[in-house]
Each structure stands twice: as C-alpha cells, then as structure tokens.
Amino acid sequence: MHFVDIRLLIHFKCEIPEIATWFSKNYAYSTLLLLPVFSLASYLSFFKFGKNYLEHLLVNSYITGQQAIFYSLFAIGGTFVNSELFEIIPLMVSISYTLWVYWQFFSEGNRIFNIFRTMMTYLLYFIFSAVLFLPFILNL
C-alpha cells in the first residue's frame with residue numbers, strides 16, 4: 001500500500017487532516033486497515049480469473065510484507081543518501097513488484113490486459129480509500 005508523504009503536504013502548504021497524521025505515525029496499523037480495501041480492488045480488477053476474495057487478501061498480504069522490506073531498505077539507504085529520489089524509487093519498486101507478482105499469479109490470459117488490470121487495481125484502491133476516508137478528511 002502507498003500513502004502520501006506528509007512532507008509533500010507541508011511543502012505545498014496544504015492543511016494536513018488529522019487522519020493523515022495518524023496514518024503517517026501508525027504505518028503498520030494503516031497498512032493492515034487498508035489491506036482489505038486493496039484486496040477488494042484487486043478482486044474486482046481480476047474478477048474474471050475466478051480467484052475468491054480471500055485468495056486476493058492472502059496474495060496482497062504477501063505483497064505488503066515484501067513491500068515493507070523494500071521500504072525499510074530504502075529508509076536505511078535514505079539515511080546515507082539525501083536525495084529526493086529516495087522518496088520516489090521505493091514507490092516505483094513497490095508498484096513494479098506488485099505488477100510482477102500479479103504477472104505470476106494471474107499467468108493465464110493476456111499479459112497486457114493484466115498490466116492494465118494492475119493499474120486499475122491501484123486506481124480503484126485510491127477511489128475506495130478516498131470514499132472511505134472522505135468523512136474524516138472533511139471533519140464530518
């Protein structure tokens with residue numbers, strides 16, 4: 001899963017919602033809370049492959065665990081190299097890893113469409129997350 005870095009919001013002088021601060025401070029909890037949302041997005045994107053929701057939850061749990069390792073390694077590397085690339089590269093590596101896992105998991109079918117389905121998974125995830133957290137952002 002991927003979140004907006006709080007420093008980007010501060011850089012653009014945006015008002016930071018309280019929920020975004022909580023997500024930033026509690027990365028593990030927020031990842032676990034949003035894992036079912038991401039799994040629903042992948043389930044809907046890859047619906048025709050006949051995998052059930054729990055299989056999507058399991059494969060996305062595996063992906064999330066590996067992504068945590070990637071982010072940890074880049075966080076360690078970021079202490080030695082002070083570059084803005086160390087904020088974008090982990091995101092690209094994580095998305096590429098998700099694409100590769102889906103490429104392997106959904107090996108039947110057209111590979112090009114699987115790439116589009118992976119991107120649709122991320123799009124649905126962002127839409128579902130926005131709808132889910134919109135009341136918190138608007139302080140309703």
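The values are calculated or read from the model by the stated rules, or taken from the named source; none is laboratory data. A quick note: this is a predicted structure, and the numbers were derived from the prediction, not measured. Using ideal geometry, Cβ is built from the backbone for each residue, glycine included, and neighbour counts are taken over all protein chains shown.
Below, the figures for the structure above:
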read-out	value
Test result for L58, out of contact with any helix residue (DSSP H, G or I) (no Cβ under 7 Å at 6 or more places or on another chain), modelled with pLDDT of 95 or more, surrounded by fewer than 16 Cβ atoms within 10 Å (Cβ to Cβ) and not β-branched (V, I, T)	yes
Lone qualifier among F47, F3, F38 - being at pLDDT 80 or above, surrounded by 12 or more Cβ atoms within 10 Å (Cβ to Cβ) and of a type in the set (F, W, Y)	F38
Residue, surrounded by the most Cβ atoms within 10 Å (Cβ to Cβ), within the range 93-112, restricted to residues that are hydrophobic (A, V, I, L, M, F, W, C) and under 19 Å from V59 (Cα atoms)	F106
Filter result (closer than 14 Å to A68 by Cβ and either loosely packed, with under 12 Cβ neighbours inside 10 Å or modelled with pLDDT under 75 (or both)) within the range 14-35	A28, Y29
Residue in the range 80-92 that is modelled with the highest pLDDT, counting only those that are surrounded by fewer than 16 Cβ atoms within 10 Å (Cβ to Cβ) and in a helix (DSSP H, G or I)	M92
Among (1) over 19 Å from F23 (Cα atoms); (2) surrounded by fewer than 17 Cβ atoms within 10 Å (Cβ to Cβ) - the single one L138 does not satisfy	(1)
Conditions (1) surrounded by 14 or more Cβ atoms within 10 Å (Cβ to Cβ); (2) among the hydrophobic types (A, V, I, L, M, F, W, C); (3) free of Cβ contacts under 8 Å to residues at least 12 places away in the same chain: number failed by I76	(1)
